[in-house]
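There's a structure below that I have some questions on.
The values are calculated or read from the model by the stated rules, or taken from the named source; none is laboratory data. The structure displayed is predicted, hence computed values, not measured ones. Note: ideal-geometry Cβ built from the backbone for every residue, glycine included; neighbour counts use all protein chains shown.
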């Protein structure tokens with residue numbers, strides 16, 4: 001059904017333990033991609049258990065792109081200096097900063113979107129739906145669906161990861177939470193683009 005080499009390949013691709021990889025392959029009948037999904041699902045569950053823990057260590061990551069035309073400063077936190085100094089955590093910080101440079105998020109997550117901006121967005125979306133001739137009975141549901149798309153476009157954690165659009169930044173972080181065993185959070189970031197207004201969330205998030 002699967003070999004020891006398959007277990008090692010799965011471990012290399014996910015960072016999960018050997019026994020976890022073996023069990024995932026057993027449940028997936030040897031299907032590698034399904035086994036990755038199983039480990040991801042289990043990782044997300046493990047990450048949820050760590051959500052209430054405090055992450056005050058970490059690092060400030062900088063990323064400069066296109067010969068100095070775009071720059072990003074990112075604060076990403078974990079629980080201990082030990083994890084902050086691992087190659088996995090540093091790679092995550094680099095990847096998130098690179099993503100910010102490429103995807104231009106404005107906020108860390110939905111909680112950071114000002115209520116006034118969200119109210120305005122809902123008003124515009126409601127008017128759009130009505131102008132499209134949609135029945136009033138379904139307009140509110142449509143608007144909420146479009147607000148979700150707004151979050152996906154403008155909130156870092158809801159955006160598809162530029163290096164792997166099959167997962168969001170939130171899922172990427174949770175995979176690392178499961179792998180490293182600590183709570184990890186993006187606290188704030190700022191994105192600079194030469195000649196343009198600063199884009200980013202410069203206020204700490206709780």
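Name the residue, out of 48, 35, that is crowded, with 18+ Cβ neighbours inside 10 Å and at pLDDT below 90. Give the derivation first.
Working: 48 fails: crowded, with 18+ Cβ neighbours inside 10 Å.
Just a single option satisfies the conditions, and that option is 35.
Right, next: Counting only residues that are surrounded by 13 or more Cβ atoms within 10 Å (Cβ to Cβ) and touching a helix residue (DSSP H, G or I) at 6+ places or on another chain (Cβ under 8 Å), how many does segment 153-169 have?
Total satisfying the criteria: 11.
Mind telling me which of the residues 179, 188, 146 ends up being under 18 Å from the mean Cα position of the chain (by Cα) and either outside the structural domain of residue 74 (by TED's automatic domain parsing) or at pLDDT 95 or above (or both)?
188 is the lone residue from the list that is under 18 Å from the mean Cα position of the chain (by Cα) and either outside the structural domain of residue 74 (by TED's automatic domain parsing) or at pLDDT 95 or above (or both).
Go through (1) assigned to a helix (DSSP H, G or I); (2) within 28 Å of residue 68 (Cβ to Cβ) one by one and return the number of the condition residue 188 breaks.
(1)
Within segment 107-143, can you find the residues that are part of a helix (DSSP H, G or I) and either closer than 30 Å to residue 95 by Cβ or within 15 Å of the chain's Cα centre (by Cα) (or both)?
To start, the set of residues in segment 107-143 that are part of a helix (DSSP H, G or I) comprises 110-112, 115-131, 136-143.
Matches in segment 107-143: 110, 111, 112, 117, 118, 121.
Among the residues of segment 145-169, count how many are part of a helix (DSSP H, G or I) and touching a residue at least 40 places away in the same chain (Cβ under 8 Å).
Number of matching residues: 6.
Right, here's the next one. Across segment 1-32, what is the number of residues that are at pLDDT below 80 and in a helix (DSSP H, G or I)?
5
Now for a separate question. Check 113, 72, 124 and return the single one that is more than 26 Å from residue 181 (Cα to Cα) and at pLDDT below 90.
Step by step, each of 113, 72, 124 is checked, and only 124 is more than 26 Å from residue 181 (Cα to Cα) and at pLDDT below 90.
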